[in-house]
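A short write-up of the structure that comes next.
The values are calculated or read from the model by the stated rules, or taken from the named source; none is laboratory data. Since the model is a prediction, treat every value here as computed from it, not as a measurement. All Cβ positions, glycine included, derive from the backbone under ideal geometry; neighbour counts span all protein chains shown. With ligands, DNA and RNA removed, areas are computed over all heavy atoms of the protein, side chains included. Shrake-Rupley method; radii C 1.70, N 1.55, O 1.52, S 1.80 Å.
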Amino acid sequence: MLSAGERPQPPVAPALVNSPSLPVTKAHIMPDLKPNGTSTHAAMRPQNTNQLSPVQHIWVVTGPAGCGKSTVGQAIRKELNLPFLEGDDFHPKSNKDKMGHGIPLTDADRWDWLISLRQAAINALSPSEANNFQPPAGVVVACSALKQKYRDVMRVAAYGSPSVHIHFIYLKLTEAVLMQRVTQRKSHYMKSDMVHSQLAALEEPQGEWDAITINVEGSPEQVQHNVLGAVTEKLKEYS
């Protein structure tokens, strides 16, 4: 079975979905879907192959608002010396305004956001003046990715090269703890009543081989220890 980067690639998928002259369709957003709408990612596994290019990793830290995505993402960034992308920064103003007024985002609101964030991750791994044409070993992305189909959109980032591998770190905690944390966040567009809509939309990763679930209800030190330990163990699979 081929890994995400090793199976036949959709031709110039990122360019298609970012072209203003072409409509954004489900096929462009999620070219890895079978005709019946199911994802093919569950059966994929990393392959031990002799690759010419260095292995690169995309670490997507996921979960609803208040779970600590940015804090955990920054800890991974610091530990692995990687660039970090804050998903909130890629939301258009219209999305932030809706969330700020307690209006849940729809799938249609999220597609362009996910595509922009995915392209930013691809750009971060590509040689450029910004990285002195020496791309990093990976990139860390904070992105709620509440539904499996949202994660499928992000998975497309690994299609361009057999050396790129994507991992989702799902931060799990109870609604009560989420409510408490969100209430304590000052001057943030996500209000506490939005937690209910996020949990209603949440599809916890089940049977997704590239997802790691971490309970984050402990102390910040314990959470960081658990996350970095899981990341270290995952990296060993590629050594």
### Query
How large is the Kirkwood hydrodynamic radius of region 79-141, in angstrom, based on all distinct alpha carbon pairs?
13.1
### Query
Tell me, what is the percent relative contact order of region 115-239, built from C-alpha pairs under 8 Å that lie six or more residues apart?
24
### Message
On a straight-distance basis, which aspartates and glutamates could pair with Lys172 in a cross-link, Cα separation under 20 angstrom, same-chain partners fewer than 8 positions away excluded?
### Response
Glu86, Asp88, Asp152, Asp193, Glu203, Glu204, Glu208, Asp210, Glu217, Glu221, Glu233
### Query
At a 1.4 Å probe radius, carbon and sulfur cover how many percent of the accessible area of region 86-239?
52
#### Entry: Förster-model FRET efficiency, 35 Å R0, Gln184 and Glu233, C-beta, rounded to 0.05
0.65
### Message
List the chymotrypsin sites (Phe, Trp or Tyr not before Pro) within region 119-166 that DSSP assigns to loop and that have no more than 15 neighbouring Cβ atoms inside 10 Å.
### Response
Phe133
### Task
Starting at the first residue of region 95-106, write each ³J(HN,Hα) from the Karplus equation 6.51 cos²θ - 1.76 cosθ + 1.60 with θ = phi - 60°, in whole Hz, x for Gly and Pro.
5, 5, 5, 4, 5, x, 9, x, 9, x, 6, 9
### Message
Suppose R0 equals 25 Å. What FRET efficiency, 1/(1 + (r/R0)^6) with r the Cβ-Cβ distance, do Glu204 and Ser53 give to the nearest 0.05?
### Response
0.15
### Query
Per residue, how much accessible area does region 52-210 show when a 1.4 Å probe rolls over the protein heavy atoms, in square angstrom?
44
### Query
For the pair Glu175 and Ser219, what calculated FRET efficiency results from E = 1/(1 + (r/R0)^6), where r is the Cβ-Cβ distance and R0 = 22 Å, to the nearest 0.05?
0.65
## Note on the structure
Honestly region 48-198 on the Cα gyration tensor test (a ≥ b ≥ c root eigenvalues; a/c under 1.5 rounded, otherwise a/b vs b/c for prolate or oblate) is just prolate
